[in-house]
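Quick notes on the structure that follows.
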Amino acid sequence: MTGQSKSSPLVLQKLGPAPSATTFNYDETFDQELTALKDAGFYRDFARLERLPGAFPKALLHGQGREKEVTVWCSNDYLGMGQHPVVESALHDAVTRFGAGAGGTRNIAGTHNVHAQLEEEIASLHCKESALLFTSGYVANEASISTLASRLPNVALLSDEMNHASMIAGIRHSKAEKRIFRHNDVQHLEQLLASLDPARPKIIVCESVYSMDGTVAPLAAIVALAKQYNALTYVDEVHAVGLYGEEGAGVAAAEGVAKDVDYIQGTLAKAFGVMGGYVAGSRRGIDYIRSFAPGFIFTTALSPVLASAALESIRYVRQSAVLRSKHQRQVLRLKEALRARGIPFRDEPSHIVPMIIGDLFVTRESARLLLDEYGLYIQPIFSPTVDPGTERLRLTPTPLHTDAMIDDLASGLSDVLSRAWRLREMSCAMA
């Protein structure tokens, strides 16, 4: 035993000099930056909600020692599937059968049969050969885009300027050359494609429905350009799956080009009401991502309980055209109610109804008044989610928002917007 330490190997030895007055103060730095964020008005408070089973879009708001029932108008549970009996039943059954967690990564003991079934269902939904599950839509985008773009030799990425942060993260992580085209501008995209070597690999990256503005991409035109210039297409359909197309496969399906899009990325956390993300494509392409993406390889698999619930949700939504039709009806009904009261909003063809206010104080104050006085919850949207000067309230009606709820919202908005602007003018006059 000569030469071995008698102390436990887990006992850490003291290293370096003792702390001094010049030691870096981490908490002070955190406090300074958080204070600056609050002073600028960009600090975010989270509403503590308890969704009420069977009463969507109602929820209990917790805080300040009290509970208050509110109507939620900004949820991404677009069809209310998060509380649908089909989904709840699947959850209860799955936790009894499988337990809570997956038990490992997909590579090591974490691939359950229900994962394979869900991937097959997703591939079928999008008319693809294969699909791959991730723990979230963000991870699906970051892992898939960064893997494809970092491994394809000398690839050029062509990205819509309004793409989501997860797509931007994937592009940056890949370190591949990128070209940004103006939002939904097909002519600009073609100019960029034409400027590249025809023999060079290229990937066009865009969304189908853009979540903050509600705009819809001209996918048929983008796919046509991709074919002309031998580019791959990667389309984020997270705000469209479940809602558009005959079976809810998204905008690509609605436009009849789903088979021609190389990669369709989606989520299980919005219209399907559960959690998780995915990418669907060719068998070779998906196997490529599965084999090389660190964001897939080195993370614990999606819980089989959630996978089971998502599987049943997709199966239900695919055959529920009535649900999609009612959803679109309530979107139109909300827009009509806002117009009738002269409330400005951005009228795009999607289900997302953004009200661009363009003033941080008015946006936050309107949301506060709606919540405090009307029991209507809409989270104010500001930087860094959107650019300063484009602050907004983002409305997302669902099939479960009744006509009476819509009228209450329009009436409340008409009141609080005018009051918030008056308060803004008064504060400016006093400054």
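Points worth noting:
- The range 63-73: number of residues that are touching a residue at least 60 places away in the same chain (Cβ under 8 Å), part of a strand (DSSP E or B) and either open to solvent by 40 Å² or more (accessible area, probe 1.4 Å) or closer than 16 Å to H327 by Cα (or both): 3
- Matching entry among S150, S174, S208 (being farther than 23 Å from R284 by Cα, touching a helix residue (DSSP H, G or I) at 6+ places or on another chain (Cβ under 7 Å) and either at pLDDT 95 or above or open to solvent by 50 Å² or more (accessible area, probe 1.4 Å) (or both)): S208
- Residue in the range 99-112 that is assigned to a helix (DSSP H, G or I) and open to solvent by less than 70 Å² (accessible area, probe 1.4 Å) present: no
- Qualifying residue in the range 74-83 (condition: at negative phi, of a type outside the set (A, V, I, L, M) and open to solvent by 80 Å² or more (accessible area, probe 1.4 Å)): no
- Qualifying residue in the range 188-200 (condition: at pLDDT 95 or above, open to solvent by less than 40 Å² (accessible area, probe 1.4 Å) and closer than 30 Å to L332 by Cβ): no
- K14, sole failed condition from (1) in a helix (DSSP H, G or I); (2) at pLDDT below 90: (1)
- Cross-chain or 6+ apart pairs with Cβ under 6 Å, the range 248-260 first and of a type in the set (D, E), then assigned to a helix (DSSP H, G or I): E255/L219; E255/A220; D260/V223
- Some residue of the range 255-273 being touching an Asp or Glu at 6+ places or on another chain (Cβ under 9 Å) and either acidic (D, E) or open to solvent by 50 Å² or more (accessible area, probe 1.4 Å) (or both): no
- Enumeration of residues in the range 259-314 that are more than 15 Å from T135 (Cα to Cα) and in a strand (DSSP E or B): Y263, I264, G281
- Here the condition is being touching a residue at least 40 places away in the same chain (Cβ under 8 Å), in contact with a His (Cβ under 8 Å, 6 or more places away or on another chain) and outside any loop (DSSP other than H, G, I, E, B); of S159, S146, S150, it holds for S146 alone.
- Any hit, the range 228-240, residues being assigned to a loop (DSSP other than H, G, I, E, B), of a type in the set (D, E, K, R), modelled with pLDDT of 95 or more and crowded, with 24+ Cβ neighbours inside 10 Å: yes
- On the stretch given as the range 363-396, residues that are among the small types (G, A, S) and farther than 21 Å from A165 by Cα total 3.
- Qualifying residues in the range 274-314 (those that are closer than 15 Å to T105 by Cβ and aromatic (F, W, Y)) - the one least open to solvent (accessible area, probe 1.4 Å): F296
- A single entry from G41, G54 fulfils the requirement of being part of a loop (DSSP other than H, G, I, E, B), touching a residue at least 12 places away in the same chain (Cβ under 8 Å), surrounded by 12 or more Cβ atoms within 10 Å (Cβ to Cβ) and over 22 Å from the mean Cα position of the chain (by Cα): G41.
- Every pair of residues 6+ apart whose Cβ atoms lie under 7 Å, when the first sits in the range 295-315 and is among the basic types (K, R) while the second is surrounded by fewer than 24 Cβ atoms within 10 Å (Cβ to Cβ): R315/E121
The values are calculated or read from the model by the stated rules, or taken from the named source; none is laboratory data. Computed from a prediction, not measured in an experiment: that's the story for all the values here. Cβ: placed from backbone, ideal geometry, glycine included. Neighbour counts: every protein chain shown. Calculation scope for accessible area: heavy atoms of the full protein, side chains included, ligands and nucleic acids excluded. Shrake-Rupley method; radii C 1.70, N 1.55, O 1.52, S 1.80 Å.
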